[in-house]
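Notes to accompany the following structure.
The values are calculated or read from the model by the stated rules, or taken from the named source; none is laboratory data. Computed from a prediction, not measured in an experiment: that's the story for all the values here. Neighbour counts run over all protein chains shown; Cβ positions are idealised from the backbone, glycine included.
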Amino acid sequence: MHFPKYYAVLGKGDYLTINGKRRGIWEYLEQQPSGWLCSVAVNRAIVPRDLPIFWDCGAVKYRNAEIPVLGKTLVTPAWAIAQYQKNSPHPGDLIAAPDHILIPGSNLRFRRRFNLHSAKEFLNLARQVLPECTPIAVTHGITAHEKIKTARNLYELGYRAIGIGGMAINASDIKGNIASVAAIRDSLPHCYIHVFGLCSPVYAKAWFEIGIDSFDGSSYLLEAFKGRFYKANGRQITKYIAALPGDKITIPLCYCRPCTQMRQNGIEARASGSRFQNLTRAAHNLGQLLLAQTNAIVNRRIGLIACVSKKRKVTSPASELYISQWFQAAKKYILTLEIEYFILSTKHGILHPTQMVEPYDQSLYHLSAPERRRWSEMVVKQLIAIAPPGTEFIILAGKRYREGIVEPLLKAGYNITIAMQGLGIGQQLQWLAVNTPKEKQLSLSLLS
């Protein structure tokens with residue numbers, strides 16, 4: 001299946017300073033987006049460089065100006081190329097040609113001429129200066145017909161990546177926007193197509209079905225600073241209002257990674273009033289948006305692997321912390337299924353494979369019955385938070401880890417598959433060896 005990439009839009013200062021160290025909100029996420037959209041119209045302190053970046057010219061900033069200008073700087077193809085080059089883009093990064101959004105009532109003739117001239121000049125410069133990046137031009141139009149015609153013209157100019165802009169302002173016109181995008185996709189079946197600004201789960205599902213290559217959006221960030229707290233409910237997003245300073249928090253406790261980690265630092269995303277709270281809420285909102293997008297696109301299957309006592313002695317990604325023969329075999333089996341997986345941890349509840357974890361010495365077998373009950377309740381809440389009813393959980397864990405979570409999940413509408421139930425450790429290793437395809441390429445798709 002071809003999943004569209006989601007580029008989350010970054011703002012100016014999307015980082016938190018904890019114990020004197022700057023950490024981007026991306027460091028707290030359980031699931032990463034496919035990449036990040038960074039506008040050169042914004043000077044940012046730090047930029048994540050471990051994922052692809054879509055470098056944007058910042059047309060939204062000057063959309064109401066007569067001519068493309070940022071401050072006192074005229075936005076030209078040469079200026080844009082210089083800005084992208086200054087940020088040291090990685091091979092494969094998308095770089096956008098400067099454009100001027102067609103707004104009814106503005107000088108449309110000038111804007112159309114600027115867009116065409118800019119696209120021609122930018123493509124030549126990009127090929128000369130940044131040949132390892134992918135130039136992308138934006139098709140605009142007052143009508144769907146004009147957008148299709150412009151997109152074809154850009155393709156004939158030599159662009160093999162085209163963005164569709166100007167629709168976010170009418171995001172509520174879901175049917176109309178989807179129809180316009182589908183028409184452009186049909187007219188250019190072999191072109192990379194990106195959609196600007198429409199990233200809700202409904203749109204994510206449509207882009208998947210149409211065959212769109214990527215899309216972006218900043219709603220998670222804007223809403224966070226407006227005090228909106230997201231909650232993924234299956235394929236939909238429920239929005240709560242964060243409590244004002246001094247007010248009682250009525251939003252249910254959240255067990256996602258950003259909320260859990262920041263509560264340990266005394267920062268509560270369910271309340272508003274500080275930049276730290278806003279940014280923590282932004283990280284939370286992004287995680288919830290990614291979950292809802294994924295839920296809208298696929299029928300979820302998630303593996304759950306029990307933690308083990310044998311661990312590395314240094315802080316490691318959760319997928320690498322546990323080093324027993326059984327854990328390695330169980331992980332290898334889950335990877336052949338090409339599904340997401342989490343680790344059932346006595347200390348942390350559930351762990352995403354990429355989450356950095358310090359070594360610890362705790363086991364469910366050493367906890368009292370009330371402690372195990374509290375642990376199970378926490379895990380059930382965490383699992384409900386990451387996946388909608390109907391999801392299938394494939395559990396590779398002993399009875400102690402399963403008791404207290406299977407029945408509540410079944411009652412909540414989830415499907416449960418318990419692998420190797422009733423087998424001893426030796427028999428489990430034998431079962432895993434037999435049921436893990438030897439020729440299968442082991443790769444995990446995080447569906448981000």
Report summary line: Turns out the strands (runs of 3 or more DSSP E) fully within the range 146-226 with at least 1 residues that are buried (at least 22 other Cβ atoms within 10 Å of the Cβ) and out of contact with any His (no Cβ under 8 Å at 6 or more places or on another chain) are 192-195, 214-217
Query raised in the report: Does Ile142 satisfy the condition of being crowded, with 19+ Cβ neighbours inside 10 Å, of a type in the set (A, V, I, L, M) and assigned by TED's automatic domain parsing to the domain that holds Arg127?
Result: no
Requested in this report: Report the residue count in the range 147-183 for those that are of a type outside the set (Lys, Arg) and more than 26 Å from the chain's Cα centre (by Cα).
Outcome: 11
Report task. Within the range 23-41, identify whether any single residue is closer than 27 Å to Pro104 by Cα and not in a strand (DSSP E or B), and answer yes or no. Result -> yes
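For every residue, the table says whether it meets (1) out of contact with any Cys (no Cβ under 9 Å at 6 or more places or on another chain); (2) buried (at least 21 other Cβ atoms within 10 Å of the Cβ); (3) β-branched (Val, Ile, Thr); (4) part of a helix (DSSP H, G or I).
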| site | (1), (2), (3), (4) |
| --- | --- |
| Glu338 | yes, no, no, no |
| Tyr341 | yes, yes, no, no |
| Ile350 | yes, yes, yes, no |
| Thr354 | yes, no, yes, no |
| Pro370 | yes, no, no, yes |
| Trp375 | yes, yes, no, yes |
| Gly390 | yes, no, no, no |
Requested in this report: Identify all residues within the range 274-326 that are buried (at least 19 other Cβ atoms within 10 Å of the Cβ), within 20 Å of Pro48 (Cα to Cα) and in the same structural domain as Arg400 (by TED's automatic domain parsing); write none if there are none.
Outcome: none
